[in-house]
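Just below is one structure, and these are the notes that go with it.
The values are calculated or read from the model by the stated rules, or taken from the named source; none is laboratory data. Predicted, not measured: the structure shown is a model, and the values here were computed from it. Because the Cβ atoms are built from the backbone with ideal geometry, glycine has one as well, and the counts that use them run over all protein chains shown.
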Amino acid sequence: MTYLFDEPSEFAADAVAGLVASQPDLMQVHGGVVRSAATPEGQPALVIGGGSGHYPAFAGWVGRGMGHGAPCGNVFASPSASQVYSVARNAENGGGVILGFGNYAGDVLHFGLAAEKLRADGIDVRIVKVSDDIASNTPQNHRDRRGIAGDLPVFKITGAAIEAGADLEAAEQIAIRANDATRSFGVAFGGCTLPGASGPLFSVEAGQMAVGLGIHGEPGVRDEALGSAREVAQMLVDGVLAEEPARAADGEAGYRGRAAVIVNGLGTVKHEELFVVYAHVARMLQARGITPVRPEVGEHVTSLDMAGLSLTVVFLDEELEEHWLAPVDTPAFHRGAMPGSDAADDDGNGDVGSVGAVRWEPGVDPIPQASEESRTAARGISGVLDLFEAVCAREEAELGRIDAIAGDGDHGQGMAFGSRGAAEAARSAVSDGAGARTVLVHAGEAWSEAAGGTSGALWGAALIAAGNTVTDRADVEPSQVVEALVAGVDTIGRLGGAAEGDKTMMDAALPFRRVLLEAFDGTDPAPAITSAAATARDAAEATALITATKGRSRVLGEKSKGTPDPGALSFSILMTELGAHLR
């Protein structure tokens, strides 16, 4: 249970503000935090991030020997592309950027979009996705797995390599090697509760444990009887060591039976319990001829108050071990003593916090001139977004309930946050005299920013694409309404990479698109939208019969059957309301 918060929607931002207030070595910027001291000129900037709710990950790892900055999304939701871009701009100082994050669809999308924008600015960007969770894919597809507690060693090793002088290319390569050497496996005994929610995202029956947990409130991939601490440790060790690599021969470089070991608490399991488990883990590893190197036992990558733990093992070679053991100094992770100061102190007064003055702030785009006809259309668009806000607020609990079964539990909240942000941005743009295109673009950017996550990015991109089908100089014709909806669906498909049958939003959006184009008679779009929305609703309900292969439900496999995809359902609901509104 999350007890202490003000507005649930502001919980993540409030937590970041409090962290920065308590840590003089951190500075808050738009979207997250960076070191107070400027990145040394020419040094690659390691920007690590994801959703909030995982502290110490990720903002707690910003400091010398580890991260240079951390974009912080809403609870369990990816930071938006603009947040990632802002933090990276403030952290980068001529050496390029490594964007590091757990391999989740929303993070892949938002960090990827930010990378494209940074590259357009002439900044060299490399992307490293942590994929250590053995429960989420096969050994042959290791790089397509989820990232869980493996974030800690991968980012620690990469940050140490950068501190030791690695350039961008070398740092990227060692990050990839660290990820390829890292395996994790976890179990949960109970779900976490989002701020303001009345109950946990999932429950585990007494005497049972969920095996193969995720860190965004996902239940395990299967349930098993809860054994003793020794039995749980044995299961975790056996799972991770099933992928132990071959050992190098004497005189050869490579893995030689030495491993970084992390027993990670998810938020409720206490340190004493973790130590009991680690005692078994250490004996089991040593029995197999594996020497634990500087083990870590505690809370490193949490999931609010989830009751659970995970085991991470990094199969070390000499270079990985050197960087694993190197000093580090962050708010939540300390080891050894860092040499020298973080950056040159220009005035010599020791006020390091003054060195890293914010170098980049997001600007406010001017409102282009608009015709009266386009401003009238913009007011109508704003009204539609007001409707979407009300509908998403109405459906938040139900979409969250469905997503807790077929996904990770945050879809209802994400849709509520995103639609609210879009509606507010649209109203503001209309009050400033914006036309139709500008209102849609501002609304799209705000939806992505406010919601985070995969659906936030996709809905935001869809609104922006819709905006590019109209102008600020003319009215919106009926055919353009249809064109805008088609452009939005096409953009969702292109960016999300899903097709019908994958159990995603596209299972409703593509049938909607087909019927919309078939039914539109060139005059009033409302009947065509209504007909297409009915087809989309049927298609969304039919996703209950599908085993997910992509999207939020992918890692649950057969467990996702029996429940419709929340993204497909929310799409069909909004299109149904749009058709009724336009009639």
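Residue check: is residue 167 on the phi < 0 side of the Ramachandran plot, touching a residue at least 24 places away in the same chain (Cβ under 8 Å), of a type in the set (D, E, K, R) and out of contact with any helix residue (DSSP H, G or I) (no Cβ under 9 Å at 6 or more places or on another chain)?
Details: on the phi < 0 side of the Ramachandran plot: yes; touching a residue at least 24 places away in the same chain (Cβ under 8 Å): yes; of a type in the set (D, E, K, R): yes; out of contact with any helix residue (DSSP H, G or I) (no Cβ under 9 Å at 6 or more places or on another chain): yes.
Yes, satisfied.
Which one is nearest to residue 300 (Cα to Cα), of the residues in the range 323-334 that are in contact (Cβ under 8 Å) with a residue 12 or more places away in the chain and out of contact with any Leu (no Cβ under 8 Å at 6 or more places or on another chain)?
332
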> Can you spot a residue in the range 419-441 that is touching a strand residue (DSSP E or B) at 6+ places or on another chain (Cβ under 7 Å) and not in a helix (DSSP H, G or I)?
Replying inline: no
> What are the residues in the range 351-397 that are within 30 Å of residue 570 (Cβ to Cβ), at pLDDT below 95 and among the charged types (D, E, K, R), if any?
Replying inline: 365
> Looking at 444, 456, which one is buried (at least 24 other Cβ atoms within 10 Å of the Cβ), part of a helix (DSSP H, G or I) and under 17 Å from the mean Cα position of the chain (by Cα)?
Replying inline: 456
>> Any residue at all in the range 170-177 that's more than 17 Å from residue 101 (Cα to Cα) and either touching a residue at least 40 places away in the same chain (Cβ under 8 Å) or in the same structural domain as residue 317 (by TED's automatic domain parsing) (or both)?
In response: yes
>> Quick check on this structure: which one of 538, 507 is part of a helix (DSSP H, G or I), crowded, with 24+ Cβ neighbours inside 10 Å and not aliphatic (A, V, I, L, M)?
In response: 507
>> Looking at 421, 435 in this structure, which one is surrounded by 18 or more Cβ atoms within 10 Å (Cβ to Cβ), within 22 Å of the chain's Cα centre (by Cα) and not aliphatic (A, V, I, L, M)?
In response: 421
> Among the residues of the range 461-504 satisfying the criterion of being crowded, with 22+ Cβ neighbours inside 10 Å, part of a helix (DSSP H, G or I) and at pLDDT below 90, which is farthest from the chain's Cα centre (by Cα)?
Replying inline: 465
>> Can you find, within the range 59-83, the residue that is nearest to residue 172 (Cα to Cα) among those that are at pLDDT 95 or above and of a type in the set (A, V, I, L, M)?
In response: 66
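Just a yes or no: is a residue in the range 330-348 within 21 Å of residue 65 (Cα to Cα), of a type in the set (Gly, Ala, Ser), at pLDDT 95 or above and not in a loop (DSSP other than H, G, I, E, B)? Steps first, answer last, please.
Step one: filter the range 330-348 for residues within 21 Å of residue 65 (Cα to Cα), giving 330-345.
Narrowing further to those that are of a type in the set (Gly, Ala, Ser): 332, 336-337, 340-341, 343-344.
From what is left, the residues that are at pLDDT 95 or above are 332.
Right, trim to not in a loop (DSSP other than H, G, I, E, B) and you get none.
No, the conditions are met nowhere in the range 330-348.
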>> Among the residues of the range 110-124, are any modelled with pLDDT of 90 or more, farther than 29 Å from residue 403 by Cβ and part of a strand (DSSP E or B)?
In response: no
> What are the pairs, 6+ residues apart or on separate chains, where a residue within the range 482-497 that is free of Cβ contacts under 8 Å to residues at least 60 places away in the same chain has its Cβ under 6 Å from a residue that is of a type in the set (Val, Ile, Thr)?
Replying inline: 483/469; 484/469; 487/469
